[in-house]
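Trainee: Have a look at this one.
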Amino acid sequence: METLDPIISEDVDRILDSTDECIRELAGSTVLIAGAGGFLGSYVLDTIVAANRTRIQKTPATVLALSRRPPDKSTRFHHLLQDAHVRFITADITKSLDVAGGIDYIIHAASPASPKAWAAHPIETADANTVGVRNLLELAVASRVRGFVIVSSGHVYGDAGE
């Protein structure tokens, strides 16, 4: 099995050490990560997979990694393509979502985080943060999830120097 980049692995270890009690609550659950192919979503994915291997290995979490692009050996997910507890779903959150099986938690990280991306694709960014949120919330209600998180970068708060 291929391994995670050493820098990301070190980051994931720090995240796990600082969230140990919370991460154990994911044992046996199913977590949908919308935007799993992005920077923040991929870190959440790697963190849960690492927790499965080190903290909750007796009852690992299942991760549904939703991304607009399918994973392959050249993607950030190359090390997870054979992981039995990760299921990749290729879908766009701005379209109707039909995800089979139960979902316990939904993490929405499917939005461009950089101001350059917002400027280049303003409609798509707005859609991900309105239509996409609505679709994920409808899925949350239908699945009776226990938790729903919207991930954000610091850019939403403006320039810290102002």
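Trainee: So how exposed is residue 17, as accessible area in Å² (1.4 Å probe, rounded to 10)?
Mentor: For residue 17, solvent-accessible area is about 110 Å².
Trainee: Also, quick follow-up: Explain nothing, just compute: Karplus ³J(HN,Hα) = 6.51 cos²θ - 1.76 cosθ + 1.60, θ = phi - 60°, for every residue of segment 131-137 in order, whole Hz, x for Gly and Pro.
Mentor: 4, x, 4, 4, 4, 5, 5
Trainee: Relative contact order (percent) for the chain, with alpha-carbon contacts under 8 angstrom and 6 or more residues of separation?
Mentor: 23
Trainee: Could you pull out every residue, at least 5 positions away or on a different chain, whose amide H is within less than 5 Å of the one on residue 93? Hs are placed 1.01 Å off N in the peptide plane, and Pro or chain starts have none.
Mentor: For residue 93, whose amide H was placed from the backbone, there are no distant partners under 5 Å.
Trainee: For segment 10-81, give the magnitude of the charge dipole about the Cα centre (Cβ charges: +1 Lys/Arg, -1 Asp/Glu; no others), in debye to the nearest 20.
Mentor: Its charge dipole is roughly 360 debye.
Trainee: Also, quick follow-up: Just grab the label-to-label distance for residue 137 and residue 53, each label 7 Å out from Cα along the Cβ direction, in nm (one decimal).
Mentor: 3.7
Trainee: What list of ³J(HN,Hα) values in whole Hz, one per residue of segment 106-122 in order, does the Karplus curve 6.51 cos²θ - 1.76 cosθ + 1.60 (θ = phi - 60°) give from phi, with Gly and Pro shown as x?
Mentor: 10, 10, 9, 10, 9, 8, x, 9, 8, x, 5, 5, 4, 5, 6, 9, x
Trainee: For the chain, what is the charge dipole size about the Cα centre, in debye to the nearest 20, if Lys and Arg each add +1 at the Cβ and Asp and Glu each add -1 at the Cβ?
Mentor: Using only the charged Cβ atoms, the result is roughly 480 debye.
Trainee: Okay, moving on. List the residues whose amide H sits under 5 Å from the amide H of residue 30, counting only those 5 or more places along or on another chain, with H placed 1.01 Å from N in the peptide plane.
Mentor: 62, 104, 105
Trainee: What 222 nm value per residue comes from the helices of the chain, counting each DSSP H run with n ≥ 4 as -39,500 (n - 2.57) and dividing by all residues, nearest 500 deg cm²/dmol?
Mentor: Result for the chain, helices only: -11000 deg cm²/dmol.
Trainee: Show the residues, 5+ positions off or on another chain, whose built amide H is closer than 5 Å to the amide H of residue 148.
Mentor: 106
Trainee: OK, next. For the chain, modelled as a Gaussian network with Cα springs under 10 Å, which listed residue fluctuates most, 87, 55, 146?
Mentor: Evaluated over the chain, the most mobile residue of the options is 146.
Trainee: Could you sort 143, 42 by accessible area so the largest value comes first, with the probe set to 1.4 Å?
Mentor: Descending accessible area places them as 143, 42.
Trainee: Based on the Cβ-Cβ distance of residue 116 and residue 16, what FRET efficiency does E = 1/(1 + (r/R0)^6) give at R0 = 30 Å, to the nearest 0.05?
Mentor: The formula returns an efficiency of 0.45 here.
Trainee: Hey, another quick one. At 1.4 Å probe size, put 80, 40 in order of accessible surface, largest to smallest.
Mentor: 40, 80
Trainee: Then there's this: For labels at residue 90 and residue 126 in the simple 7 Å Cα→Cβ model, what's the distance in nm?
Mentor: In this crude label model, residue 90 to residue 126 measures out at 3.0 nm.
The values are calculated or read from the model by the stated rules, or taken from the named source; none is laboratory data. Quantities reported herein were computed from a predicted structural model and do not represent experimental measurements. Every residue, glycine as well, gets a Cβ built from its backbone with ideal geometry; the counts of neighbours run over all protein chains shown. When the accessible area is computed, the model is the full protein with side chains, heavy atoms only, and any ligands, DNA or RNA have been set aside. Shrake-Rupley method; radii C 1.70, N 1.55, O 1.52, S 1.80 Å.
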